[in-house]
Amino acid sequence: MTLTGHHLIAGREAAPQTHLFHAFNPTTSEQLEPVYGDASHAEADEALQAAEGAFDALRLATPETRAALLDAIADEITALGDALLERAHAECALPMARLTGERGRAIGQCKLFAALIREGSWADARVDHAIPDRQPLPKPDVRRVMMPIGPVVVFGASNFPFAIGVIGTDTVCALAAGCPVVVKGHPAHPGTCEMLGRAVVNALHKVGLPAGCFSLLHGKGNDIGTTLVKHPLTQAVGFTGSLRGGRALMDVAAARPHPIPVYAEMGSVNPVFVLPGALKERASKVAEAYVQSVTMGVGQFCTNPAVVLGLQSPELNQFISNAAALAGKVAPQTMLHRGICEAYDAGTAVWQTIDGLEIVGQSETPPSETATQAACRIFTTTIDVLEANTELRREVFGPCSIITKCATLEDLLRYANSLEGQLTATIHGTVEDLREFAPLVRVLEKKVGRLIFNGFPTGIEVCPSMHHGGPYPAASHSFFTSIGTASIYRFVRPVSYQGFPEEALPELLKDANPRGAMRIVDGEMKR
């Protein structure tokens, strides 16, 4: 595939005109061709007008047609071959093995949602038959089903160019639901975005759906993103990134004459509580898995375990010693782009100015500045220092973490109660620990979207039961997930039909239930 740098607007290609920029190889600092540029307000309007024009065709298409679209997207991704991996590697410095696995995840997500909408139960159909002779008033026939909301704007993430990018979960589940999508590509990997955008364009053509169902607009500045969120035809926004970026979009959306939801996943510190039983049984194994989690993907995960807490003991001291030694053996690795690397170094530099916070282990090999590399850094402190410094409650994106010594269960509970919303919290322990520290579990249930026992939060399983979200500020709305099949509910809303004749009802609400989906019929779940 020859990259052009063009915006892809409902099947039309538009050459970049303003605020031109290039991608850069973060390993070599090499400028990568072609040149890209910021989309204009007129191009944003064109994309959303086309999306609105295609909405009826997409939402009224059969589930089989929409599923065929997702299957075709998966096929088009596969057809890109190693060229896709090579471009993403050049733009993001992610290892080829990691990118190969992530490509598989992206393809798998397409297949997962295709199967979901073919089966149909996700739409939560409900049927209440009329009882015309009920006294004192007759009961009407009322039926309800989930319906797509309209054009969705998606902001791709920097750290998952395939699985949370142009054809990531946001785009795939929106198309599955019947919503056209306008993607604002990430400026750190625009070539990867273009390749994936062309895959969607080709897939739409193959299945005969309107080109307006999808557009890809590039942009390095904030203006194009703000324009897309403000546009009156935009009905919802999907975003993965920083708290600052997500909050800015939330404020823009709330200030519209007709506010819309922004489903933003914004990261967290993902506390890990290492309880006495785990330390006594397997301190060295937990330390090994901990450092692996901290350094996975150069720490560039929203689920990175940034804070560990344990009760002061010889076993905790050994855990710290083991983790410090393992951190020293971790070679510095190249981050996604220079901006992320500079923010990581600045954040850990601030940590090093805090009295009572000490580096106990870090990469023995110094990082290469020309390759935008980050060294692993493991700190240790006490609960008093952790609680007294607000800087330690903010995510520093990269391979760093703080091990905290606590004196009592009350220390753990106090810290847990003080937490803002988190994506995850982890407990390492035994069954006996869970009994003894049950109050800690009860507190964490109120603070997080996912509780992990004897594991680590990095490496999210894409499955129906996954919840990747949490109370604010981890996410903008704790009811919704950005990973797994339940993510489709962000882009639909319930519609009830009262008194409609059978022939005028949506398929899932007809008495015959031709697709055999699970429904609630007169209060009973059945097919």
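The values are calculated or read from the model by the stated rules, or taken from the named source; none is laboratory data. Just so it is clear, the model here is predicted, and its values are computed rather than measured. Counting neighbours? That spans all protein chains shown, and the Cβs are built from the backbone with ideal geometry, glycine included. The protein model used for the area step is the full one, side chains on, heavy atoms only, and it has no ligands, DNA or RNA in it. Shrake-Rupley method; radii C 1.70, N 1.55, O 1.52, S 1.80 Å.
Taking a sphere under 14 Å around the Cβ of A83 and counting the other residues whose Cβ falls inside, with K and R at +1 and D and E at -1, yields a net charge of -2.
In the neighborhood of T18, defined by Cβ-to-Cβ distances under 15 Å, what is the net charge if each Lys or Arg adds +1 and each Asp or Glu adds -1? My count for the surroundings of T18 gives -2.
In terms of its alpha-carbon gyration tensor, the chain comes out oblate; a/c meets the 1.5 threshold, while b/c is at least as large as a/b. When the solvent-accessible area of region 270-343 is split by element, carbon and sulfur atoms take up 55 percent of it, the probe being 1.4 Å. The Cβ shell under 13 Å around V237 holds other residues with a net charge of +2, Lys and Arg each +1, Asp and Glu each -1.
Highest mean packing first, where packing is the average number of other Cβ atoms within 10 Å per residue, the peptides 219-232, 294-307, 169-182 line up as 169-182, 294-307, 219-232. Residues in region 56-136 average 43 Å² of solvent-accessible surface per residue, probe 1.4 Å, ligands and nucleic acids excluded.
Solvent-accessible surface (1.4 Å probe) assigned to W122 amounts to roughly 30 Å².
Taking all protein chains in place and a 1.4 Å probe, what share, in percent, of the accessible surface of region 382-499 do carbon and sulfur account for? Using a 1.4 Å probe with all protein chains present, region 382-499 comes out at 53 percent carbon and sulfur. Taking a point 7 Å out from the Cα of D511 in the direction of its Cβ, the residues of region 124-159 whose backbone N falls within less than 18 Å of it are 126-134, 139-144.
Beta bridges from DSSP with both residues in the chain: antiparallel share about 45 percent, rounded to the nearest 5. Between the amide H of V360 and those of I378, F379, T380, distances stay under 5 Å, these residues lying 5 or more places away or on another chain, with hydrogens modeled in the peptide plane.
Heavy-atom accessible surface of I77, to the nearest 10 Å², is about 0 Å², with a 1.4 Å probe and all protein chains retained. Considering helices alone, the calculated mean residue ellipticity of the chain at 222 nm is -12000 deg cm²/dmol, with DSSP H runs of length four and up weighted by -39500 (n - 2.57) and normalised per residue. Residue order by solvent-accessible surface for T426, T334, T408 is T408, T334, T426, largest first, with ligands and nucleic acids left out and a 1.4 Å probe.
Computed with a 1.4 Å probe over protein heavy atoms only, the accessible area of R450 comes to about 40 Å². Scanning the chain for DSSP H helices at least 27 Å long along the axis (C-alpha atoms) with a Kyte-Doolittle mean no lower than 0.0 picks out 96-119. Stretching the chain fully between D75 and E369 yields a gain of 101.9 nm (0.36 nm per residue, less the alpha carbon separation). Between L451 and A254, the modelled labels are 2.9 nm apart [label points 7 Å from Cα along Cα→Cβ]. Here T390 and D522 are evaluated by their C-beta separation; at R0 = 60 Å the FRET efficiency comes out at 0.65.
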